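The block underneath contains the structure these notes are about, expressed in structure tokens.
The values are calculated or read from the model by the stated rules, or taken from the named source; none is laboratory data. Quick caveat, the model's predicted, so the values are computed rather than measured. A quick note on method: Cβ atoms are made from the backbone with ideal geometry, for glycine too, and the neighbour counts reach across all protein chains shown.
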Ligand SMILES: Nc1nc2c(ncn2[C@@H]2O[C@H](COP(=O)(O)OP(=O)(O)OP(=O)(O)O)[C@@H](O)[C@H]2O)c(=O)[nH]1
Ligand SMILES: [Mg+2]
């Protein structure tokens, strides 16, 4: 496929087009993804999650510049928040992130949260694969950590950065969201506003070493550009940790397993919806209604009989 060769040859337009094809579930997207897959697996993916407005995009913007100075090529996939309350920030994101747009070593892309039959997580990480194949050294994924799905997306990256800001209230809130467990690196941003020291020690106190990695807690001010080098260093350090032991492969396997399940679920759903009007399914429905069979037995029979994933 032409578009695949173009992506592999570093064509930015083709890369943007392929991601759009994935977003729109266009025909050919799956084949193209299959063709680029052998050329993926090199990029270090870093997920950024945290409550709306804590400064994830601003931090990513700073980090992109920092890693560019270190000679790295960076892709960014930002998942737009669905919440109407943060809707206004979406445009802001694009503007703030856009000032790196003319650099050939940077590719920034926003994903819309609606309209993916395969689920947002699948579409997002398919976009990550495209940027990986395109030749990016690092791919950042930004999600709003409001819901479980966003946390999930972030936790699929090799490295997950949890961003928070100084809070006046209790930081137990963070625990509830399950956000502490997923963070490989914790960031207290907006340190310029004060109260960051207390937040850092609170978090630091709650975190423990797991599998030979103790998640560091860093202070940053994306506004003033402070703590950015340290954050970049921590990201590199985590990459080295993953690569030095079994963790890189383990995380890759976790992700592969999730994607496999999702793809199976998707194929299953597609097959059934295509078949919904068909006689096979309706025959079983009638059999259940008349108590000739039960739903579980019928489901097993259908799974055996249907040629799934044609
Ligand atoms: N004072 C201060 N403001 C900051 C800092 N970082 C970001 N901001 C401001 O906080 C607001 C939100 O920043 P974003 O980078 O859009 O935050 P976000 O987490 O990406 O937001 P969503 O994508 O909507 O969840 C903007 O007005 C930023 O200018 C910081 O370090 N200090
Ligand atoms: Mg943002």
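Which of the residues spanning segment 223-247 are at pLDDT 95 or above, part of a helix (DSSP H, G or I) and in contact with a helix residue (DSSP H, G or I) (Cβ under 8 Å, 6 or more places away or on another chain)?
228, 229, 231, 232, 235, 241, 242
Which ones in segment 175-206 are assigned to a loop (DSSP other than H, G, I, E, B), touching a strand residue (DSSP E or B) at 6+ places or on another chain (Cβ under 7 Å) and without any contact (Cβ under 8 Å) to a residue 40 or more places away in the chain? Break it down stepwise before answering.
Of segment 175-206, the ones assigned to a loop (DSSP other than H, G, I, E, B) are 177-178, 183-184, 189-190, 194-195.
Imposing the further condition that a residue be touching a strand residue (DSSP E or B) at 6+ places or on another chain (Cβ under 7 Å) reduces the set to 183-184, 189-190.
Of everything in segment 175-206, just one residue is assigned to a loop (DSSP other than H, G, I, E, B), touching a strand residue (DSSP E or B) at 6+ places or on another chain (Cβ under 7 Å) and without any contact (Cβ under 8 Å) to a residue 40 or more places away in the chain, namely 183.
Of the conditions (1) under 18 Å from the mean Cα position of the chain (by Cα); (2) modelled with pLDDT of 90 or more; (3) within 16 Å of ligand 2 (Cβ to nearest atom), residue 49 clears all except one; give me its number.
Checking residue 49 against (1) under 18 Å from the mean Cα position of the chain (by Cα); (2) modelled with pLDDT of 90 or more; (3) within 16 Å of ligand 2 (Cβ to nearest atom), the one that fails is (2).
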